[in-house]
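Chemist: Okay, handing you the structure first.
The values are calculated or read from the model by the stated rules, or taken from the named source; none is laboratory data. As the structure is a prediction and not an experimental result, all values here were calculated from the model. We place every Cβ from the backbone using ideal geometry, glycine too, and count neighbours over all the protein chains shown.
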Amino acid sequence: MYGGGMAWIIMEHCSVGDWRHRVLSDLTWEWKVGESWLIVGPNGSGKSALAALWVGHLDAVAGRFDRDPAFARAEEAWIGFERQRLLLEWERHIDLSDVSESPDPGTLVSNFVGDPEALVQFGLEGKGGRGLKHLSTGELRRACLARAWVLGLPFLILDEPFEGLDVAGVTLVRSLLETTLQQGKDLVFLTRNPADCPDGEWRSWTLDSEPSGETPQETARWGPGVKGSIPVLEFRDVSAGYPDVPVLSHVDWTVHRGERWLVTGPNGSGKSTLLSLISGDHPQVFSNDVRLFGLRRGPGLTLAEVKKRVALVSYAAHLGFRNLFGVTGLEVLASGFAGTVGLWSDPSWDQVQACRRLAEEWGLTEASARPWEDLSWGTQRLLLLGRALVGGAEVLLLDEPCQGLDARARARFLDRVAEWASDPTHTLIYVTHRADEVDPSGFLRLSLPYGRS
């Protein structure tokens with residue numbers, strides 16, 4: 001029976017970690033049946049590590065840690081970026097496209113969720129025949145929530161559950177969570193921003209962190225945009241997508257040097273596909289007329305050249321760095337000069353010094369000296385943002401770049417981006433669902449419609 005011991009989780013002087021190191025130390029906390037908890041903390045405070053402990057991905061290395069037998073299926077109740085990363089890694093592991101006559105869609109959304117009514121309830125109508133790996137970040141978040149609802153577990157572990165969702169998705173999920181609280185399901189809501197928490201009766205736990213001594217700005221101080229004359233990007237009747245599922249359809253678009261563009265659209269409208277065509281990561285760039293600096297991809301414009309001149313920060317790009325081991329945050333920063341994941345050759349002295357200066361300016365000196373795998377999601381994201389700027393890229397592509405950042409880290413980054421974008425030779429293309437990240441009056445606007453389902 002669920003909650004037979006009257007507590008879901010008991011921690012007494014508990015330290016958390018794995019075979020390499022401790023992440024959290026000497027925590028005492030109890031999650032009783034019938035309680036819902038709001039757990040608040042900035043980047044690096046250990047919120048995601050707690051969730052990983054509860055679902056069995058980290059260990060209690062000291063003290064007492066007990067959990068109810070219902071937590072044998074707790075991973076299904078875990079909603080967050082780390083859960084999505086594990087799902088996508090599994091989809092890549094089982095992908096049979098290389099040995100089959102047609103592309104392998106992997107696990108279909110309909111099979112994953114298991115209930116056609118839940119697809120409609122969570123805004124996934126018409127997506128049931130698509131593979132999980134072909135969903136946008138926000139659509140995959142909805143699918144994970146829908147599956148958790150269908151399974152009927154008596155609790156949910158929500159780690160920044162609104163990240164990656166469009167405005168309609170946030171409204172939908174907030175309403176469902178408020179209804180769920182009223183129905184008596186127990187929740188843990190882990191967040192950097194307590195204002196994101198749905199209305200309801202919550203107990204609160206704030207994880208300790210060092211005071212910043214700073215008052216973050218609400219938005220960056222953007223100067224006036226620059227109208228350029230030299231095209232750095234051209235889309236000529238560009239279409240892209242999957243078999244029977246077009247995502248972008250007949251897009252014509254020109255971006256000039258020095259311009260700032262804000263790309264908007266709901267989950268699944270093709271924003272990330274658009275950016276991956278620019279960065280050269282999407283295979284359909286070769287079957288479309290996409291021109292960077294006046295050239296199409298090929299002998300005249302290699303992928304290595306694109307990576308040096310165009311920097312991308314996104315959830316998908318972040319996943320490409322998640323399995324780095326034995327390198328430091330400073331080495332990840334320095335890899336921005338080569339446009340590679342990790343370092344394949346030693347950086348110059350000047351490059352190392354540039355990375356150290358950036359780390360100091362952003363308050364990342366300690367993090368840059370630590371092993372990459374020991375850093376929190378938010379700290380890794382901030383280092384990847386620094387990596388994009390330090391390498392001297394001419395075009396910066398930002399796809400929901402502030403996901404995983406607390407208010408202080410977000411304010412620092414947005415100020416740095418605004419400073420970088422003030423250079424008339426720099427071109428910025430920014431994708432976000434959050435209206436409070438940038439002042440749209442300083443941007444040109446490209447709005448994408450839904451792709452066909």
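Chemist: Assess whether residue 62 counts as being within 14 Å of residue 157 (Cα to Cα) and either not assigned by TED's automatic domain parsing to the domain that holds residue 410 or not in a helix (DSSP H, G or I) (or both).
Modeler: When the stated conditions are applied, residue 62 does not pass them.
Chemist: Which ones in the stretch 174-209 are touching a strand residue (DSSP E or B) at 6+ places or on another chain (Cβ under 9 Å) and hydrophobic (A, V, I, L, M, F, W, C)?
Modeler: Within the stretch 174-209, 177, 181, 187, 188, 189, 190, 197, 202, 205, 207 qualify.
Chemist: Of the residues 135, 124, only one is of a type in the set (A, V, I, L, M, F, W, C) and in contact with an Asp or Glu (Cβ under 7 Å, 6 or more places away or on another chain); which?
Modeler: 124
Chemist: Here's another thing I want to ask about it. Is one or more of the residues making up the stretch 420-434 within 20 Å of residue 357 (Cα to Cα) and crowded, with 18+ Cβ neighbours inside 10 Å?
Modeler: yes
Chemist: Grab the helices (runs of 4 or more DSSP H) fully contained in the stretch 307-403, keeping just those with 1 or more residues being of a type in the set (Phe, Trp, Tyr).
Modeler: 315-319, 349-361, 377-390
Chemist: Report, by residue number, each residue of the stretch 182-210 that is more than 17 Å from residue 172 (Cα to Cα) and without any contact (Cβ under 8 Å) to a residue 12 or more places away in the chain.
Modeler: Answer for the stretch 182-210, where residues must be more than 17 Å from residue 172 (Cα to Cα) and without any contact (Cβ under 8 Å) to a residue 12 or more places away in the chain: just 210.
Chemist: Cβ contacts < 7 Å: first residue within 25 Å of residue 186 (Cα to Cα), restricted to the stretch 6-27; second residue of a type in the set (Phe, Trp, Tyr), any location; separation 6+ or different chain. Result?
Modeler: 7/31; 8/31; 8/155; 9/31; 9/54; 11/29; 11/65; 14/65
Chemist: Still on this model: Within the stretch 100-112, is even one residue among the charged types (D, E, K, R), within 28 Å of residue 401 (Cα to Cα) and out of contact with any helix residue (DSSP H, G or I) (no Cβ under 7 Å at 6 or more places or on another chain)?
Modeler: No.
Chemist: Across the stretch 261-274, which residue is surrounded by the fewest Cβ atoms within 10 Å (Cβ to Cβ) among those that are among the hydrophobic types (A, V, I, L, M, F, W, C) and touching a helix residue (DSSP H, G or I) at 6+ places or on another chain (Cβ under 9 Å)?
Modeler: In this case the residue turns out to be 262.
Chemist: Would you confirm whether any residue within the stretch 264-278 is within 18 Å of residue 393 (Cβ to Cβ) and either out of contact with any Phe, Trp or Tyr (no Cβ under 9 Å at 6 or more places or on another chain) or among the small types (Gly, Ala, Ser) (or both)?
Modeler: So far as the stretch 264-278 goes, yes, one or more of its residues are within 18 Å of residue 393 (Cβ to Cβ) and either out of contact with any Phe, Trp or Tyr (no Cβ under 9 Å at 6 or more places or on another chain) or among the small types (Gly, Ala, Ser) (or both).
Chemist: List the number of the failed condition for residue 420; all other conditions in (1) touching a strand residue (DSSP E or B) at 6+ places or on another chain (Cβ under 8 Å); (2) modelled with pLDDT under 85 hold.
Modeler: In the conditions (1) touching a strand residue (DSSP E or B) at 6+ places or on another chain (Cβ under 8 Å); (2) modelled with pLDDT under 85, residue 420 misses (2) alone.
Chemist: I'd like to check something: does the stretch 24-41 contain any residue that is on the phi > 0 side of the Ramachandran plot and part of a strand (DSSP E or B)?
Modeler: yes
Chemist: Only residues that are under 21 Å from the mean Cα position of the chain (by Cα) and over 18 Å from residue 194 (Cβ atoms): list them for the stretch 13-52, please.
Modeler: 49, 52
Chemist: Quick one: which residue in 319, 312, 301 is touching a residue at least 60 places away in the same chain (Cβ under 8 Å), among the hydrophobic types (A, V, I, L, M, F, W, C) and surrounded by fewer than 19 Cβ atoms within 10 Å (Cβ to Cβ)?
Modeler: 319 is the lone residue from the list that is touching a residue at least 60 places away in the same chain (Cβ under 8 Å), among the hydrophobic types (A, V, I, L, M, F, W, C) and surrounded by fewer than 19 Cβ atoms within 10 Å (Cβ to Cβ).
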